[in-house]
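Written below as structure tokens is the structure these notes are about.
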Amino acid sequence: MAQIWLYGLMEEEHAMGRTAAIVGAGPAGLYLLANLLEADAFRQVDVFEAVPAPFGLVRYGVAPDHPKTRTISKVLAAGFEYTDAHYFGNVMVGRDVSLEELRRNYDVVAFSTGMRGDRSLGIPGEDLPGSIGASELVAWYTGHPDAPKVSLPENLQSAVVIGAGNVALDVARILARDPEDLVTTSMPRPVVDTLKASTITDVHVVARRGPAQAKFSSPELREIGKLDGVDVVIDPDDLVLSHDDEAEIESRRQAKTTVKVIGEWSERSPSNAERRIHFHFWRRPARILGVTTVDGVEVEPTREPASTPARPTTLPAQMVVRAIGYRGAPVPGLPFDDASGTIPSDDGRVVDQGRPVAGVYVTGWLRRGPTGVIGTNRPDAGQVAASILGDLPDLAEPEGSPEELAALLNERDAHRLTWEDWHRLESYEAELGRPHGGDPIVVDDLETVLRVIAATSE
Ligand code: NAP
């Protein structure tokens with residue numbers, strides 16, 4: 001009996017000596033943090049984030065005019081607020097610290113770096129100035145410090161957004177809505193000013209399938225129809241339902257809602273609003289036109305229309321945004337599936353040529369692809385945590401420790417930011433928003449972020 005008790009104690013001590021590093025402080029990584037802390041199996045869990053601020057796509061993906069969705073960051077922050085989990089902001093794996101160094105100093109290394117790139121269409125003209133991926137545009141208008149600053153074409157009147165998902169809706173809405181509505185949001189001021197100066201009047205959303213197959217969510221779709229000063233334009237021909245469409249509507253509630261909402265819009269009389277969002281269903285882009293910059297998009301039908309012959313048409317555009325899905329980037333030293341843009345894994349265990357890479361895991365979009373809403377990362381993280389906890393007794397102990405890794409970063413003089421530093425930046429951003437009577441305003445350049453943190457730490 002005494003021996004069993006002793007073994008139990010040894011096991012517990014061993015378990016409590018375990019450590020984990022999570023790479024990426026977005027929803028996927030922070031839900032994993034919550035799971036690992038809750039399991040009480042680690043003496044330390046550290047989170048590494050390449051940019052100063054946490055929350056990943058909650059901060060740099062959710063549109064600034066959706067502040068309610070962004071409040072989830074309060075829940076995601078709990079791991080740092082109520083425990084001594086450590087935050088390593090502004091520390092990029094592959095730049096400031098290597099994968100090998102993490103593996104040498106932690107029992108478990110889990111990647112949750114999501115997706116920041118765009119899929120490409122593979123059509124002529126895609127690289128013309130004025131053609132841009134949605135992830136780049138979104139990173140700019142949410143104030144990601146690494147995002148190139150976008151300058152909208154001076155003669156911008158018409159933009160084409162390709163894709164029928166929520167990102168396409170976000171982009172269409174941000175481009176078409178009255179920029180005065182954005183003044184009280186977290187959008188960086190230079191972005192608001194750029195949108196105020198825009199002369200855009202028309203945004204065309206091009207979907208290769210119909211409303212029944214579109215991937216829009218209902219609240220986001222309905223919001224489009226409620227925008228002040230924006231008419232929604234739809235060709236009723238696009239809404240003729242086939243047997244397949246009817247089957248889709250029968251089997252998917254979302255399809256039914258989308259078809260209903262879009263059908264109602266098609267019956268509205270235009271109000272001669274200053275701006276319009278046009279939806280074009282059953283069309284795919286064949287070519288992006290232009291010599292030195294974009295001046296149009298040739299679209300071709302993907303099904304025979306009801307009343308007009310199927311032939312390509314040209315949508316005038318000075319700007320084209322591909323909102324056809326995000327793509328992950330390879331992590332140096334780990335396998336990567338180029339076709340899906342994800343890290344191959346089995347229940348979150350990174351798998352290289354059929355064999356698990358001991359102690360290395362992946363969660364979130366980088367594991368399952370760019371699908372689902374923020375909350376989808378919660379069960380996903382639970383599953384990965386279960387794999388980690390199941391493997392823990394068999395994982396070899398690392399040579400070093402988190403303390404040694406922290407010392408290494410200090411020696412390298414990497415500008416590591418702590419959770420307290422994040423709070424300093426957060427307070428500064430709240431002050432910026434106060435005169436506008438709105439949300440905290442995101443600081444979008446790294447130099448200012450570091451300066452603010454240095455100044456407020458003194
Ligand atoms: P998505 O939902 O997968 O939509 C991508 C769209 O692009 C689909 O309509 C797809 O059409 C189309 N597409 C793909 N390849 C194409 C091609 N070669 N040519 C033309 N069209 C093409 O992706 P997303 O909009 O990037 O969103 C990513 C995830 O984030 C989704 O889970 C989304 O719900 C979520 N999100 C949520 C919110 C929100 O809740 N407010 C906001 C933004 C993003 P097919 O269906 O025919 O493949």
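The values are calculated or read from the model by the stated rules, or taken from the named source; none is laboratory data. Because the structure is predicted, anything quoted here is derived from the model rather than measured. Cβ sites come from the backbone with ideal geometry, for glycine too, and all protein chains shown count toward neighbours. Accessible surface areas use protein heavy atoms only, side chains included; no ligands, DNA or RNA. Shrake-Rupley method; radii C 1.70, N 1.55, O 1.52, S 1.80 Å.
Can you find a residue in segment 266-282 that is among the charged types (D, E, K, R), under 28 Å from the mean Cα position of the chain (by Cα) and part of a strand (DSSP E or B)? Scanning segment 266-282 turns up at least one residue that is among the charged types (D, E, K, R), under 28 Å from the mean Cα position of the chain (by Cα) and part of a strand (DSSP E or B).
The strands (runs of 3 or more DSSP E) found wholly in segment 59-144 and carrying at least 1 residues that are under 21 Å from Ile324 (Cα atoms) occupy 131-133.
Determine, yes or no, whether Thr418 is under 30 Å from Ser457 (Cβ atoms) and of a type in the set (Ser, Thr, Tyr). The answer is yes for Thr418.
Residues in segment 142-164 that are within 13 Å of the ligand (Cβ to nearest atom) and touching a Pro at 6+ places or on another chain (Cβ under 9 Å) were compared, and the one that is most open to solvent (accessible area, probe 1.4 Å) is Ala164. In summary, Val183 fulfils each of the numbered conditions (1) touching a His at 6+ places or on another chain (Cβ under 7 Å); (2) farther than 21 Å from Arg59 by Cβ with the single exception of condition (2). Scanning segment 81-122 for residues that are surrounded by fewer than 17 Cβ atoms within 10 Å (Cβ to Cβ) and within 16 Å of the ligand (Cβ to nearest atom), we see that the one that is modelled with the highest pLDDT is Gly122. Of all residue pairs spaced 6 or more apart or on separate chains, those with beta-carbon atoms under 8 Å, a first member in segment 153-166 that is in the same structural domain as Phe216 (by TED's automatic domain parsing) and closer than 18 Å to Arg275 by Cβ and a second member that is open to solvent by 10 Å² or more (accessible area, probe 1.4 Å) and acidic (Asp, Glu) are Gln157/Asp202; Ser158/Asp202; Ala159/Asp202. The combined condition, being touching a residue at least 12 places away in the same chain (Cβ under 8 Å), more than 27 Å from Glu411 (Cα to Cα), away from the ligand (no atom under 16 Å from the Cβ) and aliphatic (A, V, I, L, M), is fulfilled by Ala78.
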